[in-house]
Amino acid sequence: MVQRHNTEELKAYAAYLGTVAGQFDQVKKYLHEHGCDKSGFTGLLTILQPGVDLVRGAYDLALDFGQDRMHGSAERMAQIAADYEKTDQKVALTFAQINDQVGQVRA
């Protein structure tokens, strides 16, 4: 069989992108638990609590956007690998048919 593309590498890369996309949840969890912890904001520091909420919201939006894009990239990479496999199978079938026809002409 003629194979022109290394689809296993493409599939592995798609899986890696999916793993990276899953790690966005861990970053968001850390952000909420530690990065935007307002438990020590007492007295005059209570004025800063809405600012921390605003920053947390901005980071949430950025992380959600990045995670969405990473999932989309993983899905597209998996689809590309599947498309390449189909194309390689068609090319191999075409070459096999040509080879059969050449063999019949020689006989």
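The values are calculated or read from the model by the stated rules, or taken from the named source; none is laboratory data. Only a predicted model underlies this, so the values are computations on that prediction, with no experimental measurement involved. Every residue, glycine among them, receives a Cβ derived from its backbone with ideal geometry; neighbour counts consider all protein chains shown. The area values use the complete protein model at the heavy-atom level, side chains included, leaving out ligands, DNA and RNA. Shrake-Rupley method; radii C 1.70, N 1.55, O 1.52, S 1.80 Å.
Given the condition among the basic types (Lys, Arg) and out of contact with any Cys (no Cβ under 8 Å at 6 or more places or on another chain), answer yes or no: does some residue in segment 47-63 qualify? I'd like the intermediate steps shown before the answer.
Our first condition is that a residue be among the basic types (Lys, Arg); within segment 47-63, this holds for 56.
With out of contact with any Cys (no Cβ under 8 Å at 6 or more places or on another chain) added as a condition, the list becomes none.
No, every residue in segment 47-63 fails to be among the basic types (Lys, Arg) and out of contact with any Cys (no Cβ under 8 Å at 6 or more places or on another chain).
For segment 48-107, filtered to residues that are in a helix (DSSP H, G or I), of a type in the set (Gly, Ala, Ser) and more than 15 Å from residue 17 (Cα to Cα), the residue that is modelled with the lowest pLDDT is 103.
Does residue 85 satisfy being surrounded by fewer than 12 Cβ atoms within 10 Å (Cβ to Cβ) and more than 14 Å from the chain's Cα centre (by Cα)?
Taking the combined requirement at face value, the residue does not satisfy it.
The residue that is surrounded by the fewest Cβ atoms within 10 Å (Cβ to Cβ), counting only those in segment 2-54 that are within 17 Å of residue 81 (Cα to Cα), hydrophobic (A, V, I, L, M, F, W, C) and in contact (Cβ under 8 Å) with a residue 24 or more places away in the chain, is 2.
Filter segment 57-82 down to residues that are of a type in the set (D, E, K, R) and open to solvent by less than 100 Å² (accessible area, probe 1.4 Å) and give me whichever is farthest from residue 34 (Cα to Cα).
68
Looking at segment 20-47, which of its residues are part of a helix (DSSP H, G or I) and of a type in the set (Ser, Thr, Tyr)? I'd like the intermediate steps shown before the answer.
First, the residues of segment 20-47 that are part of a helix (DSSP H, G or I): 20-35, 43-47.
Of everything in segment 20-47, those that are part of a helix (DSSP H, G or I) and of a type in the set (Ser, Thr, Tyr) turn out to be 30, 46.
Counting only residues that are of a type in the set (Lys, Arg) and not in a loop (DSSP other than H, G, I, E, B), segment 3-19 holds 1 of them.
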